[in-house]
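Chemist: Okay, here's the structure, questions in a sec.
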Amino acid sequence: MYNPATTVSSLVVVPTSKASAAQRAGRAGRTSNGVCYRLYTKAAYNTLPASTPPELSRTDLSSIVLQLKALGIDDLMKFEWISSPPAEIILKAYDTLNASGLVTDSNILTPIGSKIAECPLDHNIAKMVRP
């Protein structure tokens, strides 16, 4: 889970969703006969959320925002996301990129930001290994 207030990503143990549980049960017999054992009660299953929140709302978007800026997509608040992330996460990504010197105060890519956007690594790692 990504917390935009603290800008920290952490691995958090959370209950599965009903959709994820059904998908896993389907895998039990995909290639041959199989059985799915669920280690929780039916009452516990009924309290599970219907689906897992989209990844865009659970992760740091700094590297994605950097790549989209490099592709010429400037207004990410009006960008048509498949499932829109919270505005707070996009704004925090801009703040992170600005603090790293990859975008200016007006959210324009810097020359180093353009180079780092081409690197297939997280922007923090790419900044350390850039030529």
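The values are calculated or read from the model by the stated rules, or taken from the named source; none is laboratory data. These numbers were taken from a predicted model, which means no experiment stands behind them. When we count neighbours, we look across all protein chains shown, and the Cβ atoms used for this are built from the backbone with ideal geometry, even at glycine. When the accessible area is computed, the model is the full protein with side chains, heavy atoms only, and any ligands, DNA or RNA have been set aside. Shrake-Rupley method; radii C 1.70, N 1.55, O 1.52, S 1.80 Å.
Chemist: Would you mind finding the one in T41, T52, T96 that is open to solvent by less than 40 Å² (accessible area, probe 1.4 Å), under 29 Å from V12 (Cβ atoms) and β-branched (V, I, T)?
Modeler: Result: T96 is the single residue among T41, T52, T96 that is open to solvent by less than 40 Å² (accessible area, probe 1.4 Å), under 29 Å from V12 (Cβ atoms) and β-branched (V, I, T).
Chemist: A follow-up question, please. Quick one: would you say I89 is out of contact with any His (no Cβ under 8 Å at 6 or more places or on another chain), modelled with pLDDT under 90 and not in a loop (DSSP other than H, G, I, E, B)?
Modeler: Judged against the criteria, I89 is a match.
Chemist: Please go through the stretch 59-83 and pick out each residue that is open to solvent by 60 Å² or more (accessible area, probe 1.4 Å), hydrophobic (A, V, I, L, M, F, W, C) and in a helix (DSSP H, G or I).
Modeler: Matches in the stretch 59-83: I64 only.
Chemist: Just to be sure I understand, how many residues within the stretch 83-130 are under 15 Å from T7 (Cα atoms) and charged (D, E, K, R)?
Modeler: Within the stretch 83-130, residues that are under 15 Å from T7 (Cα atoms) and charged (D, E, K, R) number 4.
Chemist: State which residue is nearest to T96 (Cα to Cα) when the search covers only the stretch 8-31 and only residues that are assigned to a loop (DSSP other than H, G, I, E, B) and open to solvent by 70 Å² or more (accessible area, probe 1.4 Å).
Modeler: L11
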